[in-house]
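K.L.:
Have a look at the structure that comes next, please.
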């Protein structure tokens, strides 16, 4: 059920609350964008994931 | 409930009041110089990482501004120039400013470390400590050289930007630091010459008050004379170029000539024309710094486009 009680303080603090909300939301966007860039810079990432992946095994020098 | 009742008649701090604690006007200068430091560095930085680095440098600068306002609220209240800041104006309490300053300091340093590298984060932490503790708390009220020390804090951003890109300090970063560092004293002392009353009433030992206006004029001349060769030297490093050198030679010629005029005048002459030379010098000093960093960007643009 939505909170319906209105208090005058809701109006007084509107700019603060909206401001903090926007800041937090933009911080999420920044961290997300940063993460995408940082992970992409690592190049292709693979690991053994329950299944053997032959391409991950370092080539053996036969000589 | 009683808290809410009690708070009803008080002023409610708006978001903008908290934002004003971060000294937005100083922040624009920090953003600009840090941006130039990062862009002219010889290492390519991904735009998103560059954006984040500058954002967190700016937040760190803002945090140190909030700490400064918390500490200096008593003198801000008696100076006309600063009396409308959020704490002396009664909009935000000192404790809130302290909390915001400390929280944002830690936040910005950690985030810069994650976004760029640890060296730049350490430098940002040192800058905040330098401005809030060494400058605001220890030296601002203790020595008439306070402007020189405060200038060092303002000179760090391009160096942090450079280190965020390259991971280490080099000659170019030091010279960009030196450019702002040597520029700050003449800039502020020119202001102090024509804004006489403020610092007197606050009891901050400005050079104009402690050693007189004659000595201040000589100091403006001395710092400007040291600034000019440093500014031109930067033009001969790998980040300099024809655009920067042209701007540096012209702007420094004007600046040295302006400092000379200030040095030669006495108070009677300055009073007679309403401090025209001092005001002109101060106004040009703002343009001076902007032009130098803009010229560095110009040369970086020429190099990027393959002209040089």
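Coordinate-derived values only; no laboratory data. The model shown is predicted, which means the values in this text are computed figures rather than measured ones. Counting neighbours? That spans all protein chains shown, and the Cβs are built from the backbone with ideal geometry, glycine included.
K.L.:
Would you please classify the overall shape of the protein assembly as shown from the alpha carbon gyration tensor, given that a ≥ b ≥ c denote the square roots of the eigenvalues, rounded means a/c under 1.5, and beyond that prolate means a/b larger than b/c while oblate covers the rest?
P.N.:
Here the protein assembly as shown falls in the oblate category.
K.L.:
Where does each of B:140, B:80, A:38 land when they are ranked from fewest to most other beta-carbon atoms within 10 angstrom?
P.N.:
B:80, A:38, B:140
K.L.:
Kirkwood hydrodynamic radius (Cα pairs, Å) of chain A?
P.N.:
Mean inverse Cα-Cα distance, inverted, gives 17.3 Å.
K.L.:
Based on the Cα atoms of the range B:157-308, what semi-axes does the equivalent ellipsoid have, where each is the square root of 5 times one gyration tensor eigenvalue, given in whole Å with the largest first?
P.N.:
Output for the range B:157-308: semi-axes of 33, 17, 12 Å.
K.L.:
While we're looking at this one, here's another question. For the residues B:179, B:118, what sequence is obtained by ranking on other C-beta atoms within 10 Å, fewest first?
P.N.:
B:118, B:179
K.L.:
Please list the equivalent ellipsoid semi-axes of chain B, computed as the square roots of five times the alpha-carbon gyration tensor eigenvalues, in descending order and whole angstrom.
P.N.:
The answer is 32, 29, 15 Å, longest axis first.
K.L.:
Compute the helix-to-body angle for A:14-41: its Cα long axis versus the longest principal axis of chain A, expressed 0 to 90° and rounded to tens.
P.N.:
Computed tilt is about 10 degrees.
K.L.:
For a Förster distance of 56 Å, can you work out the FRET efficiency between the beta-carbons of residue A:49 and residue A:10, rounded to the nearest 0.05?
P.N.:
E(calc), rounded to 0.05, equals 0.65.
K.L.:
So, one more: Within a 10 angstrom radius of the beta carbon, how do B:288, B:18 rank from fewest other beta carbons to most?
P.N.:
Going from least to most buried by this count: B:18, B:288.
K.L.:
Turning to a different aspect of this structure: Expressed in whole Å with the largest first, what are the equivalent ellipsoid semi-axes of the range B:85-212 derived from the C-alpha gyration tensor as the square root of 5 times each eigenvalue?
P.N.:
Sorted largest first and rounded, they come to 29, 22, 10 Å.
K.L.:
Taking the inverse of the average 1/r across all pairs of different Cα atoms in the range B:48-114, what Kirkwood radius in Å do you get?
P.N.:
12.5 Å
K.L.:
Please state the relative contact order of chain B as a whole percent: Cα pairs under 8 Å, 6+ residues apart?
P.N.:
Worked out over chain B, it gives 19 percent.
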